[in-house]
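S.K.: There's a structure below that I have some questions on.
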Amino acid sequence: MPQPGVTLASVVDTTRSLKPEPCTLVIFGGSGDLARRKLVPAVYNLLLDKVLPSNFAVLGLGRKTFSDEDFREICRKGIEEHSRRELDRGAWESFERHLFFQSGAIDEPSTFEQIRARLEKIEADLGVPDNRIFYLAIPPDSFAQACEGLKAAGLVRPPNGRTFSRVIVEKPIGHDLESAKQINAVIGNVFAESQIFRIDHYLGKETVQNLMVIRFANSIFEPIWNHKYIDHVQITVSEAEGVGTRAAYYEGSGALRDMVQNHILQLLCLVAMEPPYSLEPDVVRNARIDVLRCLKPIAGQDVERFMVRGQYTHGKVKSEDVPGYRRETGVAPDSTTETYVALKLFLENWRWSGVPFYLRTGKAMTKRASEVAVQFKDIPQILFNANPAAPQAPNVLALRIQPEEGLSLRIISKVPGSKAQTNPVEMNFTYGEAFGGQSPEAYERLLLDVMAGDASLFMRRDAVEASWAWITPILEGWRESGVRWLPEYRAGSWGPVEADRLIETDGRMWRKL
Ligand code: BG6
């Protein structure tokens, strides 16, 4: 039930309304995990929400020799297991008629001819115009073959034509600056920048989009959102799951590349950006990228001073046994891949001068909890804060990204009674209570945006490269250090003690989530 004051009449639509166009979503890696767990359930939920154009199709591509029927079965199971809403028989029957599969190897030119013929037939049968979205849910070393194959088969239309060709690219976009540039160049040889949608699924999360709304749709935060009033900012993305079955990818990645280079730096951009002058995609993207451009470099000896890496050892997460990272299947017994990283950074601009940002993320931690917390400066040591032995707790604005999406503001209040006692209390807002129902999944919003051609929530080439430009010297510092062991933390804990020291030597503490 909406809370009083959040009635439908007071819900204002300030966004440019999205007009998704009829199209076919062509998924490279159509039988893979991402398609089954995220993409197909997302399209299905868009159908349930009645926001999907009526003439649409999904064409899965892959090496496996699946029939359309096999593919539909995989999709049905994917929806049953991963959709935020249950499979509805009637809706499924109309949905499955739009699902198709084409098998073929990406390194065979004939595959792309088959894709073209298949697309033309599907479009003619279902009355879908030849608007096509190519989703590259495949390893980056196959991007070049996919893009060039599409181009050679005449499947890439010029931008701004009667119908569109768009490409969605999944991370990882590179493993350092050089490789990111190469991948961008490969895709850029075939598609214009306006046709390229680089996904960072954190930008599609409701709570992440709300960061901009909280900051720029309220009058009370922006005047104090700067170094004069803010002591520091903490961004935490903790995950309860270990590496699971993803060691083959994760071993070559680690927490810095997997989470910080993309998701966490994007959160930082939203917290720290200047107000954009409009909601036009490129205006918002320019404001975000400006933050990346003023990140103070961490290189050479600073890498050890500002960064802490960690690796989980055997422990229990939610009473389940988790083996140490080095004992996980597919992990080298002497691996130095970090499953945890904590760091302190600064932004070299007027607004944030001298304000530390503490970031941390890890796998196999106590629980899944992500938040951005802005801690305000202490009040003067007089009146209610006159006792230096018992300082007042500072005000903190915490934006909970997941789970229990919402926001809380810690303020100091008088304890009822005759004594002049004070106590911190939390003003709390949760999405569930305020708006009821479930929020759409990130992939739902993002796919809809691509169908509508709105790139606001996607990464532009210069942003990807700017974030790699900042991350790469850290990776080089780590490589040069040649360490054979990383600081350890027990699975099910909050990370290594070294990370506590990083913040505690500054007289601050990680928040308890
Ligand atoms: C992915 C990372 O990008 O994000 C995963 O590759 C991580 O390692 C995931 O688990 C976290 O996403 P979410 O939406 O579950 O917070």
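So that you can scan it fast, the table gives a plain yes or no per residue for (1) in a loop (DSSP other than H, G, I, E, B); (2) buried (at least 20 other Cβ atoms within 10 Å of the Cβ); (3) of a type in the set (S, T, N, Q):
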{"residue": "Arg84", "(1), (2), (3)": "yes, no, no"}
{"residue": "Leu87", "(1), (2), (3)": "yes, no, no"}
{"residue": "Trp92", "(1), (2), (3)": "no, no, no"}
{"residue": "Phe101", "(1), (2), (3)": "no, yes, no"}
{"residue": "Ala105", "(1), (2), (3)": "yes, no, no"}
{"residue": "Phe112", "(1), (2), (3)": "no, yes, no"}
{"residue": "Glu120", "(1), (2), (3)": "no, no, no"}
{"residue": "Asp130", "(1), (2), (3)": "yes, no, no"}
{"residue": "Tyr135", "(1), (2), (3)": "no, yes, no"}
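S.K.: Next up: Please go through segment 65-102 and give me each residue that is farther than 23 Å from Pro22 by Cα and touching a Phe, Trp or Tyr at 6+ places or on another chain (Cβ under 6 Å), ordered by number.
M.R.: Scanning segment 65-102 gives a single hit, Phe66.
S.K.: Also, quick follow-up: Cβ-Cβ under 7 Å, sequence separation 6+ or interchain: first residue in segment 229-242 and closer than 14 Å to Ser493 by Cβ and assigned to a loop (DSSP other than H, G, I, E, B), partner more than 10 Å from the ligand (Cβ to nearest atom) and among the basic types (Lys, Arg). Which pairs?
M.R.: The qualifying pairs are Ala240/Lys318; Ala240/Lys367.
S.K.: Something else: Looking at Asp378 and the list (1) away from the ligand (no atom under 16 Å from the Cβ); (2) open to solvent by less than 50 Å² (accessible area, probe 1.4 Å); (3) closer than 24 Å to Leu268 by Cβ, which single condition is not satisfied?
M.R.: Against the list (1) away from the ligand (no atom under 16 Å from the Cβ); (2) open to solvent by less than 50 Å² (accessible area, probe 1.4 Å); (3) closer than 24 Å to Leu268 by Cβ, Asp378 comes up short only on (2).
S.K.: Could you tell me how many of the residues in segment 27-39 are free of Cβ contacts under 8 Å to residues at least 40 places away in the same chain and crowded, with 24+ Cβ neighbours inside 10 Å?
M.R.: So the count comes out to 0.
S.K.: With respect to Tyr202, is the statement that it is in a strand (DSSP E or B), within 16 Å of the ligand (Cβ to nearest atom), modelled with pLDDT of 95 or more and open to solvent by less than 60 Å² (accessible area, probe 1.4 Å) true?
M.R.: no
S.K.: Oh, and also: Of all residues in segment 450-476, how many are part of a helix (DSSP H, G or I) and touching a strand residue (DSSP E or B) at 6+ places or on another chain (Cβ under 8 Å)?
M.R.: Counting residues in segment 450-476 that are part of a helix (DSSP H, G or I) and touching a strand residue (DSSP E or B) at 6+ places or on another chain (Cβ under 8 Å) gives 6.
S.K.: For segment 226-256, name all the residues that are open to solvent by 50 Å² or more (accessible area, probe 1.4 Å) and within 9 Å of the ligand (Cβ to nearest atom).
M.R.: Matches in segment 226-256: Glu239, Glu241, Arg246, Tyr249.
S.K.: Anything in segment 163-190 that is outside any helix (DSSP H, G or I) and more than 19 Å from Phe134 (Cβ to Cβ)? List them, or say none.
M.R.: The answer is Gly174, His175, Asp176.
S.K.: Related question: Keeping to segment 137-162, report how many residues are part of a loop (DSSP other than H, G, I, E, B), more than 16 Å from the ligand (Cβ to nearest atom) and open to solvent by less than 50 Å² (accessible area, probe 1.4 Å).
M.R.: Counting residues in segment 137-162 that are part of a loop (DSSP other than H, G, I, E, B), more than 16 Å from the ligand (Cβ to nearest atom) and open to solvent by less than 50 Å² (accessible area, probe 1.4 Å) gives 5.
Condition check ((1) free of Cβ contacts under 8 Å to residues at least 12 places away in the same chain; (2) on the phi < 0 side of the Ramachandran plot; (3) open to solvent by less than 50 Å² (accessible area, probe 1.4 Å); (4) in contact with a Gly (Cβ under 8 Å, 6 or more places away or on another chain)) across all residues:
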{"site": "Gly453", "(1), (2), (3), (4)": "no, no, yes, no"}
{"site": "Met459", "(1), (2), (3), (4)": "no, yes, yes, no"}
{"site": "Trp468", "(1), (2), (3), (4)": "no, yes, yes, yes"}
{"site": "Trp494", "(1), (2), (3), (4)": "no, yes, no, no"}
{"site": "Ala499", "(1), (2), (3), (4)": "no, yes, yes, yes"}
{"site": "Thr505", "(1), (2), (3), (4)": "yes, yes, no, no"}
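S.K.: Now for a different question. Report, by residue number, each residue of segment 401-427 that is in contact (Cβ under 8 Å) with a residue 60 or more places away in the chain and open to solvent by 50 Å² or more (accessible area, probe 1.4 Å).
M.R.: Within segment 401-427, Glu405 is the sole residue that qualifies.
S.K.: Could you pull out the residue among Ser413, Ser408, Ser418 that is over 24 Å from Val271 (Cα atoms) and in a strand (DSSP E or B)?
M.R.: Being over 24 Å from Val271 (Cα atoms) and in a strand (DSSP E or B) holds for just one of Ser413, Ser408, Ser418, which is Ser413.
S.K.: Related question: Can you confirm whether segment 341-353 contains a residue that is within 16 Å of the ligand (Cβ to nearest atom) and not β-branched (Val, Ile, Thr)?
M.R.: no
S.K.: Condition test on Asn210, is it open to solvent by less than 60 Å² (accessible area, probe 1.4 Å), touching a residue at least 24 places away in the same chain (Cβ under 8 Å) and under 20 Å from Val355 (Cα atoms)?
M.R.: No.
S.K.: Something else now. Pull up segment 437-449, narrow it to residues that are within 16 Å of the ligand (Cβ to nearest atom) and part of a loop (DSSP other than H, G, I, E, B), then point me to the one that is nearest to Val186 (Cα to Cα).
M.R.: Among those residues, the one meeting the criterion is Glu441.
S.K.: Based on what the data block shows, is Ser83 under 14 Å from Pro41 (Cα atoms) and of a type in the set (Ser, Thr, Tyr)?
M.R.: In short, yes.
S.K.: Something else now. Which of the residues belonging to segment 390-400 are hydrophobic (A, V, I, L, M, F, W, C), touching a residue at least 12 places away in the same chain (Cβ under 8 Å) and away from the ligand (no atom under 16 Å from the Cβ)?
M.R.: Those that are hydrophobic (A, V, I, L, M, F, W, C), touching a residue at least 12 places away in the same chain (Cβ under 8 Å) and away from the ligand (no atom under 16 Å from the Cβ): Ala393, Val396, Leu397, Ala398.
S.K.: Same structure again: Look at Met459 and say whether it is within 23 Å of Leu359 (Cα to Cα) and under 20 Å from the mean Cα position of the chain (by Cα).
M.R.: yes
S.K.: If you check Pro297 against the conditions, is it under 20 Å from Val308 (Cβ atoms), at pLDDT 95 or above, more than 16 Å from the ligand (Cβ to nearest atom) and of a type outside the set (Lys, Arg)?
M.R.: yes
S.K.: Still on this structure, please answer the following. Pairs please, first residue from segment 173-188 and touching a residue at least 12 places away in the same chain (Cβ under 8 Å), second anywhere and part of a loop (DSSP other than H, G, I, E, B), Cβ atoms under 6 Å, 6+ apart in sequence or on different chains.
M.R.: Qualifying pairs under 6 Å: Ala180/Ile173; Ala180/Gly174; Ile183/Ile173; Ile183/Gly174.
S.K.: Suppose we filter segment 257-275 for residues that are polar (S, T, N, Q) and away from the ligand (no atom under 13 Å from the Cβ); how many remain?
M.R.: 0
The values are calculated or read from the model by the stated rules, or taken from the named source; none is laboratory data. Bear in mind the structure is a predicted one, so any value in this text is a computation, not a measurement. Neighbour counts are summed over all protein chains in view; Cβ atoms, including those assigned to glycine, are modelled from backbone coordinates with ideal geometry. For accessibility, only protein heavy atoms count, side chains too; no ligands or nucleic acids. Shrake-Rupley method; radii C 1.70, N 1.55, O 1.52, S 1.80 Å.
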